[in-house]
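The values are calculated or read from the model by the stated rules, or taken from the named source; none is laboratory data. The model shown is predicted, which means the values in this text are computed figures rather than measured ones. Methodologically, a virtual Cβ is constructed for each residue, glycine included, from the backbone with ideal geometry; neighbour enumeration extends over all protein chains shown. Note: areas computed on protein heavy atoms with side chains; ligands, DNA, RNA excluded. Shrake-Rupley method; radii C 1.70, N 1.55, O 1.52, S 1.80 Å.
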Amino acid sequence: MPTTSVFGAQWGDEGKGKLIDLLARDADVIVRYQGGANAGHTVVVGSEKYVLHLIPSGILHPGKVNVIANGVAVDPLKFLEEVEGLRARGVRVDGNGLKLSATAHVIFEHHRLIDQLSERWRGEGRIGTTGRGIGPCYADKAARTGLRVADLLDNSYCRTRLRAALAEKNALIERVHGERPLDLEGQLDRYTALAERLRPFVGDTGALVRAAAKAGKRILFEGAQGAMLDIDGGTYPFVTSSNTGANGIAAGASFPARGIERVIGIAKAYCTRVGEGPFPTEQDNPTGERIRKQGNEYGSTTGRPRRCGWFDAVAVRYALELSGADGWIVTNLDVLSGFPSVQAAARYRHEGQERRDWPAELPRLDGVEPLYQSFPGWTEDITRVRKYADLPAAARNYVEALEREVGAPILMLSVGPEREQVIPRGP
Ligand code: IMP
């Protein structure tokens, strides 16, 4: 397996967890390079369902090295909770198989609190964040007031820096948001104690991944969220605070961009979004409700109902272009079984003009209208199909139309949550 990047090509929740788990079989090192516990990667193994937020999906395969690289925003509480949760279910998790970057930024209690208070402050203009402290942590990173994992391990340095940071945050919490400030000493004690439990996992993950590549090891970079939530390329300000595609790997994993040999996007056969912000092909109607019901489209991190709509080839085409994808994987095709017809948009109309490119110069997508094509549906249950030729003709017709419109080869299709429910794209 060449050094591979797998990322979400929509607004997140594309089913990356399952595909990464599958691809991880052939990898030696699996790397998360951005985001944090805002992600929710679901992997089903037999009758067991795992939802991973921070730890790479490769952890379910013994003998692999799983890396949380410097670009990830690490909540030590969530990290340890996840480690313990996996151990309780018999998954081996130790400092050999799981590495945490010394230079990853730490999410503290105040980041989570400020994330939630800022959302309240924004009112109607809220982003609809997961409330996990992601934005405030990355904001502190950019403002150079954050603390990194290595800083947390250095007790006296940590106390000095955290004391200074908290003094300012507490003023914000109290005077702007009118809430009770956090107890400074309590926070210092709590986080310095947590630091000791992190220590066995901590190291220079950039050096580790680069050395692994040099030694010919197979590396898989696991993107979280999706390209349309990318802080630079997505629907700003309704985005997450990191670079979600292959574009985030160089900085987020301290791994040279030219070392990435294969790039794969993941997209559902329809489209969903959680939180606020533009979503051109949204079906806020009984069709969207039916997709939500058939696809069980509720957030794996927050439980929120996802907004649902038809496939948007304009967005996916753009997402694949941004990361230079070699191809893509279609997930949740089974969810569309039973619809009398299915639709997809490959072009938008704006001010009377038709266009196929993503309208990046229209950040709110005002006046942008998707132009749909309709395709005959299929009624068969396709969850047991394992060969492309065995799919109903209508399903193949739909898939091939998506492939044509997106303009990049489909490598595989997924027809259910289980590891085995995949179909290689065949003739
Ligand atoms: P944040 O990442 O919690 O700051 O949330 C920013 C936006 O990204 C919100 O619209 C969230 O719903 C969305 N988001 C964050 N993580 C995920 C994810 O893993 N799947 C889908 N949406 C996400």
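Could you give the dipole magnitude of segment 83-191 about its Cα centre, charging the beta-carbon of Lys and Arg +1 and that of Asp and Glu -1, in debye to the nearest 20? Can you show the working numbers first?
Details: 19 positive and 15 negative charges, 63 e Å.
For segment 83-191, the charge dipole is close to 300 debye.
Express in whole angstrom the spacing between the alpha-carbon centres of segment 360-374 and segment 234-290.
Cα centroid to Cα centroid, the span is 17 Å.
Dipole magnitude of segment 4-76 about its Cα centre, charges +1 at Lys/Arg Cβ and -1 at Asp/Glu Cβ only, in debye to the nearest 20? Mind dumping the intermediate values first?
On the way: 6 positive and 7 negative charges, 10 e Å.
Dipole magnitude for segment 4-76 comes out near 40 debye.
Kindly flag which residue pairs out of Lys49/Lys214; Lys18/Lys169; Lys49/Lys99; Lys18/Lys217 have an alpha-carbon separation exceeding 27 Å in this structure. Before the final figure, lay out each step's value.
On the way: Lys49/Lys214 35 Å; Lys18/Lys169 38 Å; Lys49/Lys99 23 Å; Lys18/Lys217 22 Å.
With Cα atoms farther than 27 Å apart: Lys49/Lys214; Lys18/Lys169.
How large is the dipole of segment 169-326 about the Cα centre if only Lys and Arg carry +1 and Asp and Glu carry -1, each at its Cβ, rounded to the nearest 20 debye? List each step's numbers first, then the result.
Working: 21 positive and 19 negative charges, 102 e Å.
In total the dipole reaches around 500 debye.
On the principal axes of its Cα set, how long, how wide and how thick is segment 280-427? Give whole Å, largest value first.
45, 33, 31
Tilt of helix 109-122 relative to the longest C-alpha principal axis of the chain, in degrees (0 to 90, nearest 10)?
Computed tilt is about 50 degrees.
Computed FRET efficiency, Cβ-Cβ of Thr145 and Glu174, R0 22 Å: what is it to the nearest 0.05?
On the way: r = 18 Å, r/R0 = 0.82.
Efficiency, from the Cβ-Cβ distance: 0.75.
Arrange the peptides 238-244, 363-369 so that the one whose residues have, on average, the most other Cβ atoms within 10 Å appears first. Display every interim value, and only then the final one.
On the way: 238-244: 26.0, 363-369: 13.3.
In descending order of packing, they fall as 238-244, 363-369.
Relative to the longest principal axis of the C-alpha atoms of the chain, give the angle of the C-alpha long axis of helix 184-198, reported between 0 and 90° and rounded to the nearest 10°.
Between helix and principal axis, roughly 70 degrees.
Ranking request for peptides 313-322, 59-68, 256-265: highest mean number of other beta-carbon atoms within 10 Å first, then the rest in descending order. Walk me through the numbers before you get to the answer.
Working: 313-322: 24.8, 59-68: 20.0, 256-265: 17.8.
Highest to lowest by the protection proxy: 313-322, 59-68, 256-265.
At a Förster distance of 22 Å, what's the computed FRET efficiency of Asp204 paired with Met1, Cβ-Cβ distance as r, to 0.05? Please list the in-between numbers first.
On the way: r = 24 Å, r/R0 = 1.09.
After rounding to 0.05, the efficiency reads 0.40.
What do you get for Rg/Rh over segment 204-278 if you use C-alpha atoms and the Kirkwood form of Rh?
Details: Rg = 14.4 Å, Rh = 13.8 Å.
Here the Rg-to-Rh quotient is 1.04.
With the crude spin-label approximation of a point 7 Å out along Cα→Cβ, what separation in nm comes out for Val51 versus Glu361?
Those two pseudo-labels are separated by 4.2 nm.
Would you please put 183-189, 222-228, 26-32 in order of how densely packed they are, using the mean number of other Cβ atoms within 10 angstrom per residue and starting with the highest?
Averaged packing, sorted descending, gives the order 222-228, 26-32, 183-189.
Work out how far the C-alpha atoms of the chain reach from end to end along every principal axis, then list the three figures in whole Å, largest first.
66, 48, 39
Enumerate the residues in segment 321-352 having an amide nitrogen under 15 Å from the point lying 7 Å beyond the Cα of Asp26 toward its Cβ.
Within reach of a label on Asp26: 326-329.
Quick check: at a probe of 1.4 Å, how many percent of the accessible area of segment 182-314 sits on carbon and sulfur atoms? Write down the numbers at each step before the final one.
On the way: 2580 of 5270 Å².
Carbon plus sulfur share of accessible area: 49 percent.
Taking the Cα centre of the chain as the origin and placing charges on Cβ (Lys, Arg +1; Asp, Glu -1), which of Pro181, Ile55, Ile264 is farthest toward the positive end of the dipole?
Ile55
When all alpha-carbon pairs of segment 233-321 are counted, what percent fall beyond 18 Å? Intermediate results must be reported in sequence, preceding the final value.
Working: 2109 of 3916 pairs.
Percentage above 18 Å: 54.
Rank Val83, Val176 by accessible area, highest first, at a 1.4 Å probe radius?
Numbers: Val83 0, Val176 65 Å².
The residues order as Val176, Val83, largest area first.
What does DSSP give for the chain in terms of the percent of beta bridges that are antiparallel, rounded to the nearest 5?
Working: 25 of 59 bridges.
The answer is about 40 percent antiparallel.
Based on DSSP, what percent of beta bridges with both residues in segment 12-85 are antiparallel, to the nearest 5? Present the calculation step by step, with values, prior to reporting the outcome.
Working: 5 of 9 bridges.
Beta bridges within segment 12-85, antiparallel portion: roughly 55 percent.
With each label point set 7 Å from Cα along the Cα-Cβ vector, what nm distance links Arg122 and Thr103?
With each label point 7 Å from Cα toward Cβ, the separation is 2.9 nm.
Ignoring everything except DSSP H segments at least 4 long, calculate the 222 nm mean residue ellipticity for the chain; use -39,500 (n - 2.57) per segment, divide by total residues, nearest 500.
Details: 12 runs with 133 residues, N = 427.
Helix contribution divided over all residues of the chain: -9500 deg cm²/dmol.
Set the Förster distance to 22 Å, then compute FRET efficiency between Arg92 and Glu196 from the Cβ-Cβ distance, nearest 0.05. Numbers along the way, then the final one.
On the way: r = 21 Å, r/R0 = 0.96.
Computed FRET efficiency for Arg92 and Glu196: 0.55.
I need the phi-derived Karplus couplings for segment 375-387: 6.51 cos²θ - 1.76 cosθ + 1.60, θ = phi - 60°, integer Hz, Gly and Pro marked x.
Once θ is set to phi - 60°, the couplings for segment 375-387 become 10, x, x, 9, 10, 5, 6, 9, 5, 9, 6, 10, 10 Hz.
Filter the GluC sites (Glu not before Pro) in segment 324-412 to those in DSSP coil with at most 13 other Cβ atoms within 10 Å of their Cβ, and list the result.
Answer by residue number: Glu351, Glu361.
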